[in-house]
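Structure record follows, encoded as structure tokens.
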Amino acid sequence: MQQNSDALLAAMRARRSIRTWQSRPIPREHLERILEAAIWAPSADNLQPWRFVVFQGERKQELAALLHRFAAGMQPGINPVLWVHRHGIRRAAEMIAQAAAVVTAWAVFSPSDAAVRLVASGDLAPLFTWTMVVESVAAAVQNLLLAAHGLGLGAVWLGYPNLATREVHAWLGGEGQLLATVALGYPAEQPAPRRRKPLPSVVRWEG
Ligand SMILES: Cc1cc2nc3c(=O)[nH]c(=O)nc-3n(C[C@H](O)[C@H](O)[C@H](O)COP(=O)(O)O)c2cc1C
């Protein structure tokens, strides 16, 4: 048991965000395996409010091009918030273009879903419901990252494409809200671990 725990923690500690990749494609079975890991994440009320879209080849390049156009179309006076993030969006587009594959994770839920059972009757507390959905999808994405690491793949979680959720949706069709984009492939870099805040500074013990 202790050995399992050691191996799991070691894998979690060794995972890095990887942002440059070899051109080698990822076998379909490996992509299926990491998606399988994603769907075994916990979710609020077991709602499983996630959908995944996997991009490879030409469609992946189209996604990258869409994000480049989105960044190029920004104007500081019209939307200053987006303008601040234009470099991040461009950088995300470059990574999407270079990675062997990209998995986007979407949140889907409608008021008729079981999600509403999470809240007291009469008060749908939409923010609570929405955070439950977001947390569930994030858990799936973390499972996906760890499974990718376990297969020798390197991945990075990209948040910037979320800013273009409406544009991606209009291009792609389907349902839901874009919550995470994971670019992955066989690593072409070995970055040093990024510093973690020391445990005592982030944990408070009671009792
Ligand atoms: C919600 C979320 C969004 C992120 N968005 C980006 C992003 O848009 N671009 C990027 O290069 N890295 C992104 N990252 C990766 C973080 O920068 C990275 O996880 C952090 O610096 C710690 O490094 P590590 O993953 O190697 O431990 C994101 C990570 C998370 C969890």
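Residue by residue, here is whether (1) more than 10 Å from the ligand (Cβ to nearest atom); (2) in contact with a Lys or Arg (Cβ under 8 Å, 6 or more places away or on another chain); (3) closer than 30 Å to PHE70 by Cβ holds:
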site	(1), (2), (3)
PHE128	yes, no, no
GLY150	yes, no, no
TRP157	no, no, yes
GLY173	yes, no, yes
VAL202	yes, no, no
GLY207	yes, no, no
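Among helices (runs of 4 or more DSSP H) lying entirely in segment 1-90, which contain 2 or more residues that are modelled with pLDDT of 95 or more and among the aliphatic types (A, V, I, L, M)?
Details: elements: 2-14, 28-39, 57-72, 80-84.
So the answer is 2-14, 28-39, 57-72.
The single condition among (1) open to solvent by 50 Å² or more (accessible area, probe 1.4 Å); (2) in a helix (DSSP H, G or I); (3) at pLDDT 95 or above that TRP157 does not satisfy is (2). Taken over segment 130-150, the criterion of being within 9 Å of the chain's Cα centre (by Cα) and either open to solvent by less than 30 Å² (accessible area, probe 1.4 Å) or free of Cβ contacts under 8 Å to residues at least 12 places away in the same chain (or both) is satisfied by VAL137, ALA140, VAL141, LEU144, LEU145.
Okay, residues lined up against (1) surrounded by fewer than 17 Cβ atoms within 10 Å (Cβ to Cβ); (2) under 20 Å from PRO42 (Cβ atoms); (3) at pLDDT below 95:
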residue	(1), (2), (3)
ARG166	yes, no, yes
THR181	no, no, no
LEU184	no, no, no
ARG194	yes, no, no
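The values are calculated or read from the model by the stated rules, or taken from the named source; none is laboratory data. All of these numbers come straight from a predicted model, not from anything done at the bench. So basically every Cβ, Gly included, is an ideal-geometry build from the backbone, and we count neighbours across all protein chains shown. In case anyone asks, the SASA skips ligands and DNA or RNA and just uses the protein heavy atoms, side chains included. Shrake-Rupley method; radii C 1.70, N 1.55, O 1.52, S 1.80 Å.
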